[in-house]
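Reading through the C-alpha coordinates given below for one structure.
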Amino acid sequence: MPQINACRFCKNPKLNRYLDLGATPLADRFLSAEQLNEPEKYYPLAVALCENCGLSQLTYTVDPKELYQEEYPYAMSLTKTGSDHYGSFAASVVKKFNLTQNDLVIDVGSNVGILLEGFKKNGTKTLGVDPAANMAKIANERGIETIADFFVPSVATGIKEKYGPAKIVVGTNVFAHIFDHHQFIEALQAVLDEKGIFIFESPSFVNLVKNLEYDTIYHEHLLYLSLKPVANFFKQFDMEVFDVESYPIHGGSFRVFISRKNNYPINESVEKYLKEEEATGIYSLPTLGEFAKKVAQNRIELMNLIHKIKEEGKTIAIISTPAKGMTLLNYCRIGPEHADFATEKSPLKIGRYTPGTRIPIVPDSELMVRKPDYAILLAWNFSNEIMKNLDEYRALGGKFIIPIPKPEIKG
Ligand SMILES: [Zn+2]
(Lines give C-alpha, C1' and ligand atoms only; values in the text may rest on other atoms or scores of the structure.)
Protein backbone atom coordinates (compact mmCIF):
# COMPACT_ATOMS: atom_id res chain seq x y z
CA MET A 1 0.00 0.00 0.00
CA PRO A 2 2.37 2.75 1.22
CA GLN A 3 3.94 4.51 -1.79
CA ILE A 4 1.33 4.65 -4.54
CA ASN A 5 2.24 3.76 -8.10
CA ALA A 6 -1.00 4.75 -9.83
CA CYS A 7 -3.74 7.36 -9.56
CA ARG A 8 -6.32 6.54 -6.92
CA PHE A 9 -9.17 7.44 -9.28
CA CYS A 10 -8.16 6.36 -12.79
CA LYS A 11 -5.23 3.97 -12.13
CA ASN A 12 -2.97 5.90 -14.51
CA PRO A 13 0.67 5.35 -13.45
CA LYS A 14 1.89 8.81 -14.53
CA LEU A 15 1.95 10.90 -11.40
CA ASN A 16 3.88 14.16 -11.08
CA ARG A 17 5.01 15.07 -7.60
CA TYR A 18 5.02 18.85 -7.25
CA LEU A 19 4.85 19.56 -3.50
CA ASP A 20 6.95 18.00 -0.76
CA LEU A 21 6.23 18.90 2.88
CA GLY A 22 8.87 16.52 4.20
CA ALA A 23 8.11 13.72 6.65
CA THR A 24 5.70 14.34 9.52
CA PRO A 25 4.05 12.26 12.26
CA LEU A 26 0.29 11.68 12.04
CA ALA A 27 -1.59 14.89 12.78
CA ASP A 28 -3.77 13.44 15.53
CA ARG A 29 -1.05 11.50 17.35
CA PHE A 30 -0.83 13.76 20.39
CA LEU A 31 1.80 12.45 22.77
CA SER A 32 1.42 11.62 26.44
CA ALA A 33 4.26 12.56 28.80
CA GLU A 34 5.51 8.93 28.77
CA GLN A 35 5.52 8.86 24.97
CA LEU A 36 7.99 11.75 24.92
CA ASN A 37 10.66 9.15 25.69
CA GLU A 38 9.71 7.00 22.71
CA PRO A 39 10.58 7.57 19.06
CA GLU A 40 7.77 8.89 16.85
CA LYS A 41 6.80 7.43 13.51
CA TYR A 42 7.19 9.78 10.56
CA TYR A 43 5.60 9.36 7.14
CA PRO A 44 6.29 11.16 3.84
CA LEU A 45 3.91 14.02 3.06
CA ALA A 46 3.96 14.95 -0.62
CA VAL A 47 1.36 15.70 -3.30
CA ALA A 48 1.28 14.56 -6.93
CA LEU A 49 -0.88 15.41 -9.94
CA CYS A 50 -2.34 12.65 -12.12
CA GLU A 51 -1.53 13.56 -15.70
CA ASN A 52 -4.59 11.74 -16.96
CA CYS A 53 -7.54 12.81 -14.81
CA GLY A 54 -6.11 15.82 -12.97
CA LEU A 55 -6.52 14.49 -9.44
CA SER A 56 -4.09 15.88 -6.86
CA GLN A 57 -3.29 13.26 -4.23
CA LEU A 58 -0.83 12.15 -1.57
CA THR A 59 2.00 9.99 -2.88
CA TYR A 60 1.94 7.82 0.23
CA THR A 61 -0.86 5.99 2.05
CA VAL A 62 -0.60 5.34 5.77
CA ASP A 63 -2.25 2.08 6.83
CA PRO A 64 -5.85 2.95 7.80
CA LYS A 65 -5.52 0.84 10.94
CA GLU A 66 -2.77 3.19 12.08
CA LEU A 67 -4.59 6.31 10.96
CA TYR A 68 -7.96 5.68 12.52
CA GLN A 69 -7.62 4.43 16.01
CA GLU A 70 -10.31 4.47 18.58
CA GLU A 71 -9.13 7.70 20.14
CA TYR A 72 -9.73 9.89 17.12
CA PRO A 73 -9.73 13.27 18.87
CA TYR A 74 -11.68 15.38 16.38
CA ALA A 75 -15.17 16.09 17.64
CA MET A 76 -16.93 17.98 14.90
CA SER A 77 -18.35 21.47 15.03
CA LEU A 78 -17.35 22.75 18.40
CA THR A 79 -17.51 26.17 16.76
CA LYS A 80 -20.65 28.15 16.08
CA THR A 81 -19.62 28.72 12.45
CA GLY A 82 -19.45 24.93 12.05
CA SER A 83 -22.79 24.06 13.62
CA ASP A 84 -24.58 26.88 11.76
CA HIS A 85 -23.18 25.57 8.50
CA TYR A 86 -24.26 21.97 9.08
CA GLY A 87 -27.69 23.07 10.27
CA SER A 88 -28.35 24.97 7.07
CA PHE A 89 -26.78 22.19 5.00
CA ALA A 90 -29.46 19.77 6.25
CA ALA A 91 -32.30 22.26 5.82
CA SER A 92 -31.25 23.11 2.27
CA VAL A 93 -31.00 19.45 1.16
CA VAL A 94 -34.38 18.60 2.70
CA LYS A 95 -35.94 21.49 0.80
CA LYS A 96 -34.11 20.89 -2.47
CA PHE A 97 -35.26 17.27 -2.74
CA ASN A 98 -38.55 17.52 -0.82
CA LEU A 99 -37.49 14.92 1.71
CA THR A 100 -40.10 13.51 4.07
CA GLN A 101 -40.28 11.34 7.17
CA ASN A 102 -40.08 8.25 4.93
CA ASP A 103 -36.68 9.19 3.55
CA LEU A 104 -33.53 7.79 5.07
CA VAL A 105 -30.43 9.98 5.18
CA ILE A 106 -27.12 8.26 5.93
CA ASP A 107 -24.06 10.27 6.94
CA VAL A 108 -20.76 8.54 6.28
CA GLY A 109 -18.12 9.72 8.73
CA SER A 110 -20.89 11.14 10.87
CA ASN A 111 -18.66 11.92 13.86
CA VAL A 112 -20.84 12.95 16.83
CA GLY A 113 -23.90 13.42 14.59
CA ILE A 114 -24.10 17.21 14.15
CA LEU A 115 -25.19 17.08 10.50
CA LEU A 116 -27.70 14.28 11.08
CA GLU A 117 -29.18 16.21 13.97
CA GLY A 118 -30.06 18.87 11.38
CA PHE A 119 -31.78 16.29 9.17
CA LYS A 120 -33.64 14.84 12.13
CA LYS A 121 -34.92 18.29 13.07
CA ASN A 122 -36.12 18.67 9.50
CA GLY A 123 -38.10 15.44 9.78
CA THR A 124 -36.15 12.74 7.91
CA LYS A 125 -34.96 9.35 9.13
CA THR A 126 -31.24 9.32 9.89
CA LEU A 127 -28.41 6.87 10.38
CA GLY A 128 -24.74 7.58 11.06
CA VAL A 129 -21.77 5.44 10.08
CA ASP A 130 -18.38 6.21 11.60
CA PRO A 131 -15.39 3.95 12.26
CA ALA A 132 -14.35 5.91 15.38
CA ALA A 133 -16.04 4.01 18.20
CA ASN A 134 -15.71 6.86 20.70
CA MET A 135 -17.47 9.31 18.33
CA ALA A 136 -20.21 6.80 17.48
CA LYS A 137 -20.80 6.28 21.18
CA ILE A 138 -21.25 10.01 21.79
CA ALA A 139 -23.61 10.23 18.79
CA ASN A 140 -25.75 7.32 20.06
CA GLU A 141 -25.91 8.92 23.49
CA ARG A 142 -27.09 12.11 21.82
CA GLY A 143 -29.91 10.18 20.19
CA ILE A 144 -28.43 9.96 16.70
CA GLU A 145 -28.33 6.26 15.82
CA THR A 146 -24.82 5.47 14.60
CA ILE A 147 -23.02 2.33 13.47
CA ALA A 148 -19.37 2.18 14.51
CA ASP A 149 -17.85 0.77 11.35
CA PHE A 150 -16.28 1.57 7.98
CA PHE A 151 -18.70 2.20 5.12
CA VAL A 152 -17.92 -0.94 3.10
CA PRO A 153 -20.22 -3.09 0.90
CA SER A 154 -21.04 -5.66 3.62
CA VAL A 155 -22.01 -2.90 6.07
CA ALA A 156 -24.04 -1.09 3.38
CA THR A 157 -25.94 -4.26 2.50
CA GLY A 158 -26.66 -4.86 6.17
CA ILE A 159 -28.04 -1.32 6.49
CA LYS A 160 -30.34 -1.76 3.50
CA GLU A 161 -31.72 -5.01 4.92
CA LYS A 162 -32.39 -3.48 8.29
CA TYR A 163 -33.40 0.11 7.46
CA GLY A 164 -34.35 -0.01 3.76
CA PRO A 165 -32.66 1.89 0.92
CA ALA A 166 -31.28 5.40 1.49
CA LYS A 167 -32.63 8.41 -0.34
CA ILE A 168 -29.52 10.40 0.51
CA VAL A 169 -25.99 9.47 1.48
CA VAL A 170 -23.92 12.43 2.65
CA GLY A 171 -20.25 12.73 3.41
CA THR A 172 -18.69 15.95 4.64
CA ASN A 173 -14.93 16.23 4.51
CA VAL A 174 -14.85 12.47 4.30
CA PHE A 175 -14.57 11.63 0.60
CA ALA A 176 -10.92 12.65 0.68
CA HIS A 177 -10.28 10.26 3.59
CA ILE A 178 -11.50 7.16 1.81
CA PHE A 179 -8.85 4.54 1.05
CA ASP A 180 -10.58 2.42 -1.52
CA HIS A 181 -12.90 4.56 -3.62
CA HIS A 182 -13.96 1.68 -5.82
CA GLN A 183 -15.14 -0.21 -2.78
CA PHE A 184 -16.85 2.92 -1.49
CA ILE A 185 -18.90 3.23 -4.71
CA GLU A 186 -19.89 -0.42 -4.39
CA ALA A 187 -21.17 0.29 -0.87
CA LEU A 188 -22.91 3.43 -2.11
CA GLN A 189 -24.70 1.58 -4.91
CA ALA A 190 -25.70 -1.19 -2.52
CA VAL A 191 -27.49 1.14 -0.12
CA LEU A 192 -28.85 3.92 -2.37
CA ASP A 193 -32.42 3.88 -3.57
CA GLU A 194 -32.84 3.75 -7.41
CA LYS A 195 -33.14 7.55 -7.47
CA GLY A 196 -30.90 8.01 -4.43
CA ILE A 197 -28.35 10.80 -4.24
CA PHE A 198 -24.83 10.92 -2.93
CA ILE A 199 -23.86 14.37 -1.69
CA PHE A 200 -20.37 15.12 -0.61
CA GLU A 201 -18.89 18.34 0.64
CA SER A 202 -15.19 18.90 0.69
CA PRO A 203 -12.71 21.75 0.83
CA SER A 204 -11.96 22.51 -2.81
CA PHE A 205 -8.47 22.19 -4.21
CA VAL A 206 -9.00 25.43 -6.15
CA ASN A 207 -9.23 27.30 -2.86
CA LEU A 208 -6.36 25.39 -1.33
CA VAL A 209 -4.10 26.66 -4.11
CA LYS A 210 -5.61 30.14 -4.30
CA ASN A 211 -5.41 30.78 -0.54
CA LEU A 212 -2.20 28.83 0.05
CA GLU A 213 -3.95 26.47 2.48
CA TYR A 214 -1.09 23.97 2.34
CA ASP A 215 -1.55 23.14 6.02
CA THR A 216 -4.77 21.30 5.13
CA ILE A 217 -2.50 18.67 3.58
CA TYR A 218 -2.01 15.81 6.01
CA HIS A 219 -2.06 12.02 5.97
CA GLU A 220 -5.80 11.64 6.54
CA HIS A 221 -6.47 13.67 3.40
CA LEU A 222 -5.49 11.36 0.60
CA LEU A 223 -7.11 13.47 -2.13
CA TYR A 224 -7.34 17.19 -2.87
CA LEU A 225 -10.61 17.35 -4.68
CA SER A 226 -11.73 19.29 -7.69
CA LEU A 227 -14.75 18.64 -9.89
CA LYS A 228 -13.15 17.40 -13.12
CA PRO A 229 -11.53 14.23 -11.74
CA VAL A 230 -14.58 13.56 -9.54
CA ALA A 231 -16.98 13.80 -12.49
CA ASN A 232 -14.80 11.49 -14.57
CA PHE A 233 -14.43 9.05 -11.73
CA PHE A 234 -18.18 8.60 -11.21
CA LYS A 235 -18.71 8.04 -14.95
CA GLN A 236 -16.85 4.74 -14.56
CA PHE A 237 -19.75 3.55 -12.40
CA ASP A 238 -22.63 4.87 -14.54
CA MET A 239 -23.16 7.71 -12.14
CA GLU A 240 -23.07 11.43 -12.84
CA VAL A 241 -22.58 14.78 -11.17
CA PHE A 242 -25.79 16.73 -11.68
CA ASP A 243 -25.26 19.78 -9.48
CA VAL A 244 -22.53 21.64 -7.60
CA GLU A 245 -22.62 24.47 -5.06
CA SER A 246 -19.87 26.52 -3.37
CA TYR A 247 -19.61 27.46 0.32
CA PRO A 248 -17.10 29.52 2.30
CA ILE A 249 -16.55 26.99 5.14
CA HIS A 250 -13.07 25.49 5.71
CA GLY A 251 -11.40 28.07 3.47
CA GLY A 252 -13.76 27.40 0.54
CA SER A 253 -15.68 24.17 0.01
CA PHE A 254 -17.81 22.69 -2.72
CA ARG A 255 -20.86 20.45 -2.43
CA VAL A 256 -21.37 17.91 -5.19
CA PHE A 257 -24.60 16.06 -6.04
CA ILE A 258 -24.30 12.66 -7.71
CA SER A 259 -26.81 10.05 -8.78
CA ARG A 260 -27.21 7.17 -11.19
CA LYS A 261 -27.20 8.34 -14.82
CA ASN A 262 -30.28 10.12 -16.18
CA ASN A 263 -32.03 10.39 -12.83
CA TYR A 264 -31.87 14.18 -12.64
CA PRO A 265 -31.36 17.00 -15.17
CA ILE A 266 -27.80 18.28 -15.17
CA ASN A 267 -27.76 21.77 -13.69
CA GLU A 268 -25.83 24.43 -15.62
CA SER A 269 -23.77 24.98 -12.47
CA VAL A 270 -21.73 21.90 -13.39
CA GLU A 271 -20.44 23.20 -16.74
CA LYS A 272 -19.84 26.64 -15.27
CA TYR A 273 -17.90 25.26 -12.32
CA LEU A 274 -15.75 23.04 -14.55
CA LYS A 275 -14.83 26.00 -16.76
CA GLU A 276 -13.90 28.24 -13.84
CA GLU A 277 -11.90 25.45 -12.27
CA GLU A 278 -9.88 24.81 -15.43
CA ALA A 279 -9.12 28.53 -15.73
CA THR A 280 -7.41 28.61 -12.31
CA GLY A 281 -4.62 26.37 -13.62
CA ILE A 282 -4.95 23.63 -11.01
CA TYR A 283 -4.43 21.03 -13.74
CA SER A 284 -1.23 22.63 -15.00
CA LEU A 285 2.17 21.70 -13.58
CA PRO A 286 3.70 25.19 -13.95
CA THR A 287 0.86 26.70 -11.88
CA LEU A 288 1.30 24.00 -9.25
CA GLY A 289 5.07 24.58 -9.27
CA GLU A 290 4.40 28.26 -8.52
CA PHE A 291 2.12 27.18 -5.68
CA ALA A 292 4.91 25.02 -4.21
CA LYS A 293 7.30 28.00 -4.34
CA LYS A 294 4.81 30.16 -2.46
CA VAL A 295 4.48 27.46 0.21
CA ALA A 296 8.26 27.50 0.78
CA GLN A 297 8.14 31.31 0.89
CA ASN A 298 5.37 31.22 3.52
CA ARG A 299 7.57 29.15 5.82
CA ILE A 300 10.47 31.59 5.45
CA GLU A 301 8.28 34.61 6.16
CA LEU A 302 6.55 33.01 9.13
CA MET A 303 9.82 31.90 10.72
CA ASN A 304 11.40 35.32 10.15
CA LEU A 305 8.46 36.87 11.94
CA ILE A 306 8.67 34.40 14.84
CA HIS A 307 12.43 34.79 15.21
CA LYS A 308 12.06 38.57 15.28
CA ILE A 309 9.48 38.32 18.07
CA LYS A 310 11.69 35.95 20.07
CA GLU A 311 14.69 38.28 19.66
CA GLU A 312 12.60 41.03 21.22
CA GLY A 313 12.22 38.79 24.26
CA LYS A 314 8.48 38.36 23.72
CA THR A 315 6.47 35.20 24.38
CA ILE A 316 4.35 33.21 21.95
CA ALA A 317 1.58 30.66 22.49
CA ILE A 318 -0.62 28.68 20.15
CA ILE A 319 -4.41 28.81 20.12
CA SER A 320 -6.00 25.39 19.52
CA THR A 321 -4.43 22.39 17.83
CA PRO A 322 -6.45 21.36 14.77
CA ALA A 323 -4.97 18.64 12.55
CA LYS A 324 -3.94 21.14 9.90
CA GLY A 325 -1.99 23.11 12.47
CA MET A 326 0.19 20.05 13.00
CA THR A 327 1.25 20.16 9.34
CA LEU A 328 2.13 23.82 9.71
CA LEU A 329 4.10 23.32 12.96
CA ASN A 330 6.02 20.35 11.58
CA TYR A 331 6.71 21.81 8.17
CA CYS A 332 7.86 25.17 9.62
CA ARG A 333 9.52 23.38 12.57
CA ILE A 334 7.85 25.48 15.24
CA GLY A 335 8.62 23.87 18.59
CA PRO A 336 8.73 24.64 22.34
CA GLU A 337 11.71 26.95 21.71
CA HIS A 338 9.27 29.24 19.86
CA ALA A 339 5.88 28.61 21.47
CA ASP A 340 5.63 27.93 25.22
CA PHE A 341 2.30 26.14 25.11
CA ALA A 342 -0.80 25.45 23.04
CA THR A 343 -4.34 25.86 24.35
CA GLU A 344 -7.25 23.47 23.80
CA LYS A 345 -10.76 22.80 25.00
CA SER A 346 -10.67 19.13 24.03
CA PRO A 347 -10.03 16.94 27.10
CA LEU A 348 -8.59 14.35 24.68
CA LYS A 349 -5.67 16.67 23.98
CA ILE A 350 -5.08 18.59 27.22
CA GLY A 351 -2.02 17.30 29.11
CA ARG A 352 -0.52 15.94 25.91
CA TYR A 353 2.09 17.28 23.46
CA THR A 354 1.84 18.21 19.79
CA PRO A 355 3.07 15.41 17.48
CA GLY A 356 6.62 15.90 16.25
CA THR A 357 6.98 19.42 17.60
CA ARG A 358 6.20 18.49 21.23
CA ILE A 359 4.60 21.68 22.47
CA PRO A 360 2.67 21.09 25.74
CA ILE A 361 -1.12 21.41 25.48
CA VAL A 362 -2.97 23.17 28.29
CA PRO A 363 -6.60 24.21 28.91
CA ASP A 364 -7.93 27.34 27.14
CA SER A 365 -8.04 29.20 30.45
CA GLU A 366 -4.21 29.21 30.64
CA LEU A 367 -4.10 31.94 28.01
CA MET A 368 -5.38 34.50 30.49
CA VAL A 369 -3.18 33.12 33.27
CA ARG A 370 0.08 33.22 31.33
CA LYS A 371 -0.77 36.12 29.01
CA PRO A 372 1.68 35.52 26.17
CA ASP A 373 2.51 38.55 23.99
CA TYR A 374 1.50 36.73 20.81
CA ALA A 375 -0.82 33.85 19.97
CA ILE A 376 -0.57 31.89 16.73
CA LEU A 377 -4.00 31.06 15.31
CA LEU A 378 -3.74 27.66 13.66
CA ALA A 379 -7.49 27.42 12.97
CA TRP A 380 -7.33 30.39 10.58
CA ASN A 381 -10.62 29.29 9.01
CA PHE A 382 -12.36 30.32 12.23
CA SER A 383 -10.03 33.23 13.04
CA ASN A 384 -12.72 35.93 13.24
CA GLU A 385 -14.83 33.91 15.63
CA ILE A 386 -11.83 32.93 17.77
CA MET A 387 -10.47 36.48 17.99
CA LYS A 388 -13.90 37.74 18.97
CA ASN A 389 -14.08 35.13 21.75
CA LEU A 390 -10.69 36.28 23.01
CA ASP A 391 -11.56 39.95 23.47
CA GLU A 392 -10.23 39.82 27.00
CA TYR A 393 -6.81 38.71 25.77
CA ARG A 394 -6.77 41.48 23.18
CA ALA A 395 -7.76 44.06 25.77
CA LEU A 396 -4.59 43.13 27.65
CA GLY A 397 -2.55 43.90 24.55
CA GLY A 398 -2.31 40.32 23.32
CA LYS A 399 -1.73 40.02 19.58
CA PHE A 400 -2.54 37.30 17.07
CA ILE A 401 -0.32 35.80 14.42
CA ILE A 402 -2.29 34.54 11.44
CA PRO A 403 0.09 32.27 9.52
CA ILE A 404 -1.85 31.72 6.29
CA PRO A 405 -2.03 32.81 3.47
CA LYS A 406 0.50 35.49 4.37
CA PRO A 407 1.89 35.68 7.92
CA GLU A 408 0.42 38.74 9.59
CA ILE A 409 -0.05 40.20 13.03
CA LYS A 410 -3.49 41.29 14.19
CA GLY A 411 -4.03 43.19 17.39
ZN1 LIG B 1 -6.09 9.94 -12.42
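The values are calculated or read from the model by the stated rules, or taken from the named source; none is laboratory data. Only a predicted model underlies this, so the values are computations on that prediction, with no experimental measurement involved. Ideal geometry is used to build each Cβ from the backbone, glycine not excepted, and the neighbour counts take in all protein chains shown. Surface areas here come from the heavy atoms of the whole protein model, side chains and all, with no ligands, DNA or RNA. Shrake-Rupley method; radii C 1.70, N 1.55, O 1.52, S 1.80 Å.
Okay, here's what the table says:
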read-out: Fraction of antiparallel bridges per DSSP, the chain only, in percent to nearest 5; value: 55 percent
read-out: Cβ-placed point charges (K, R +1; D, E -1), dipole of the stretch 89-227 about Cα centre in debye, nearest 20; value: 520 debye
read-out: Accessible area (Å², per residue) of the stretch 168-226, counting only protein heavy atoms and a probe of 1.4 Å; value: 23 Å²
read-out: Share of carbon and sulfur in the accessible heavy-atom surface of the chain [1.4 Å probe, %]; value: 51 percent
read-out: Rounded FRET efficiency, nearest 0.05, which uses the C-beta distance separating K293 from M368 and R0 of 41 Å; value: 0.55
read-out: Gap separating the Cα centres of the stretch 325-352 and the stretch 231-246, nearest whole Å; value: 39 Å
read-out: Alpha-carbon centroids, the stretch 1-24 and the stretch 381-405: separation in whole Å; value: 37 Å
read-out: Phi-based couplings in Hz for the stretch 268-277 (Karplus 6.51, -1.76, 1.60; Gly and Pro marked x); value: 5, 4, 5, 4, 4, 4, 4, 5, 5, 5
read-out: Test item: Cα-centred dipole of the stretch 303-410, Lys/Arg +1 and Asp/Glu -1 on Cβ, debye; value: 200 debye
read-out: Backbone HN-Hα couplings from phi across the stretch 244-251 [Karplus 6.51/-1.76/1.60, Hz, Gly and Pro as x]; value: 8, 9, 10, 9, x, 4, 6, x
read-out: K275, K95, K11, ranked by accessible area, largest first (probe 1.4 Å); value: K95, K275, K11
read-out: Cα-projected label distance for D238 with D20, points at 7 Å along beta-carbon direction, nm; value: 4.5 nm
read-out: For D103, distant residues with modelled amide H under 5 Å away; value: K125
read-out: Long-range HN-HN contacts of V170 with modeled amide H, under 5 Å; value: I106, D107, V108, I199
read-out: Intensity falloff of the stretch 278-411 expressed as log10 I(q)/I(0), Debye formula with alpha-carbon point scatterers, at q = 0.10, 0.12, 0.20 Å⁻¹; value: -0.34, -0.48, -1.18
read-out: FRET efficiency estimate (nearest 0.05) - Cβ-Cβ, K410 to H307, R0 25 angstrom; value: 0.85
read-out: Rounded accessible area of D364 (nearest 10 Å², 1.4 Å probe); value: 70 Å²
read-out: The chain: radius of gyration and largest Cα-Cα distance (Dmax), Å; value: 21.4, 66
read-out: Additional length obtainable on full extension of the chain from S88 to N5, 0.36 nm per residue less Cα span; value: 25.9 nm
read-out: Computed accessible area, S284, all protein chains, 1.4 angstrom probe, square angstrom; value: 40 Å²
read-out: Choice from R370, R333, R352 showing the highest fluctuation, given a GNM over the chain with Cα pairs closer than 10 Å; value: R370
read-out: Estimated distance in nm for a label pair at T280 and E66, the labels positioned 7 Å out from Cα along Cα-to-Cβ; value: 3.1 nm
read-out: Accessible area of the stretch 303-410 divided out per residue, in Å², using a probe of 1.4 angstrom; value: 44 Å²
read-out: Positive-end residue, the stretch 303-410 charge dipole about Cα centroid, Cβ charges, pick of M368, F400, A323; value: A323
read-out: Calculated FRET value between D149 and S269, using beta carbons and R₀ = 45 Å, to 0.05; value: 0.85
read-out: Size of charge dipole - the chain - debye, nearest 20, with Cβ of Lys, Arg +1 and Asp, Glu -1, no other charges; value: 500 debye
read-out: In range of the label at L396: residues from the stretch 320-361 whose backbone nitrogen is under 16 Å from the point 7 Å along Cα→Cβ; value: 320, 340-344
read-out: Dipole axis of the stretch 170-251 (+1 Lys, Arg; -1 Asp, Glu on Cβ), positive-most option in V241, A190, N207; value: N207
read-out: In nm, spacing of pseudo-spin labels at E337 and N37 (7 Å Cα→C-beta vector); value: 2.5 nm
read-out: Gained length - E186 relative to K96, 0.36 nm times residue gap less alpha-carbon distance; value: 29.8 nm
read-out: Accessible surface, 1.4 Å probe, highest first, among residues S32, S83, S246; value: S246, S83, S32
read-out: Extended-chain gain in nm, criterion 0.36 nm per residue less alpha-carbon gap, K314 and Y163; value: 48.5 nm
read-out: Most positive-pole-ward Cα, F89, T354, F175, against dipole of the chain from beta carbon charges; value: F89
read-out: For the stretch 128-138, Karplus couplings with θ = phi - 60° (6.51, -1.76, 1.60), whole Hz, Gly/Pro x; value: x, 10, 8, x, 7, 4, 5, 6, 4, 4, 4
